[in-house]
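The values are calculated or read from the model by the stated rules, or taken from the named source; none is laboratory data. These numbers were taken from a predicted model, which means no experiment stands behind them. All Cβ positions, glycine included, derive from the backbone under ideal geometry; neighbour counts span all protein chains shown. To get the accessible areas, we keep the full protein, side chains included, count just its heavy atoms, and leave off ligands, DNA and RNA. Shrake-Rupley method; radii C 1.70, N 1.55, O 1.52, S 1.80 Å.
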Amino acid sequence: MTLRQRVQKLYVLGIQMNDNLRSLSLKGNKIGRQGGILLSATLQVNSSLTELDISDTDQTNESLIALTTVLLDNTTVKKLNVSNPLLNSEQEETTIHFAKMLHVNYSLTELHLSKHGMKDFGATQLAESLKDNKTLMYLNLNCNKISEDGARAFSSLLKLNTPLKKLSLSSNRIGNNGLAALSEAVATNNCNLTTLWVNNNGITETGLCAMAAALRSNITLTNIYIWGNELKNTACNAFEQLMEGGKPRLLQHNTDIVPYIVDGVTYLAETGHHLFSH
């Protein structure tokens, strides 16, 4: 056993014996596969930890599958960040295991799965599992490979008015049709979603105008982030109208854009609010 492995085991033993630890962040520490597996074993014993961040710690397929297996029965972890793992396959095995876990887990309220290489198949599996989930309120799927079909799956989920309040699809590929599908759910069926990130998704004014129209009939979606898409004249006008007047539908601090006018033409500038909203 290497010195590093001995230190990891001692650290994990300390967590197992600690009844007061509520939040643990190992973000950026390269504990790797072995550290992740040891940590998963710890969660079988520890009953106090409610928040765990192991993003950017070189987790592998094996360690993430071990973690999801433990979370099938764990009832204490509420917030989990496992973003940016080192996956050795594009078959989305880990996403499928997270989906199966969410089908039966009733303690997680927040889950971050950024940079998992997730595609439409994996996103659809997650959305289907969440139809039966009663606790998850925040799902972060930033920087994946989700396109139109994955967005449609989440539209179907939102139409069921599940507990999900925050959904981040920023830096994916959902495009106009994907946002139009989400807009339909927002406009007609959903009254729980409060925050939606769709910035950097290859969306043009067609999709953006559909969402702007949806916001007029929906009163619960208060925060939306759209920067990094194609903000042409029609889309600029649509969002400027949402933000104008004494009682604007969209408040400036709840989005990442601000309108301004040059020679009678409306443009949108970036505020950077999305950088601090996660």
Could you grab me the full set of residues in the stretch 160-189 that are touching a Cys at 6+ places or on another chain (Cβ under 9 Å) and on the phi > 0 side of the Ramachandran plot? Asn161, Ser171
Cβ contacts < 8 Å: first residue closer than 15 Å to Asn74 by Cβ, restricted to the stretch 17-42; second residue modelled with pLDDT under 90 and open to solvent by 30 Å² or more (accessible area, probe 1.4 Å), any location; separation 6+ or different chain. Result? Thr42/Gln16
In the stretch 71-87, what residues are over 18 Å from the mean Cα position of the chain (by Cα) and of a type in the set (A, V, I, L, M)? Leu71, Leu72, Leu86, Leu87
Thr94 - would you say it is on the phi < 0 side of the Ramachandran plot, open to solvent by less than 20 Å² (accessible area, probe 1.4 Å), modelled with pLDDT of 95 or more and out of contact with any Ser or Thr (no Cβ under 7 Å at 6 or more places or on another chain)? yes
Within the stretch 153-243, which strands (runs of 3 or more DSSP E) (wholly inside it) include 1 or more residues that are among the aromatic types (Phe, Trp, Tyr)? 195-197, 223-225
Members of the stretch 248-262 that are assigned to a loop (DSSP other than H, G, I, E, B) and open to solvent by 40 Å² or more (accessible area, probe 1.4 Å): Arg249, Leu251
Name the residue, out of Asn233, Asn223, that is open to solvent by 10 Å² or more (accessible area, probe 1.4 Å) and more than 24 Å from the chain's Cα centre (by Cα). Asn233
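Check Thr162, Thr124, Thr109 and return the single one that is touching a strand residue (DSSP E or B) at 6+ places or on another chain (Cβ under 9 Å) and surrounded by fewer than 23 Cβ atoms within 10 Å (Cβ to Cβ).
Criteria check complete, one pass: Thr109.
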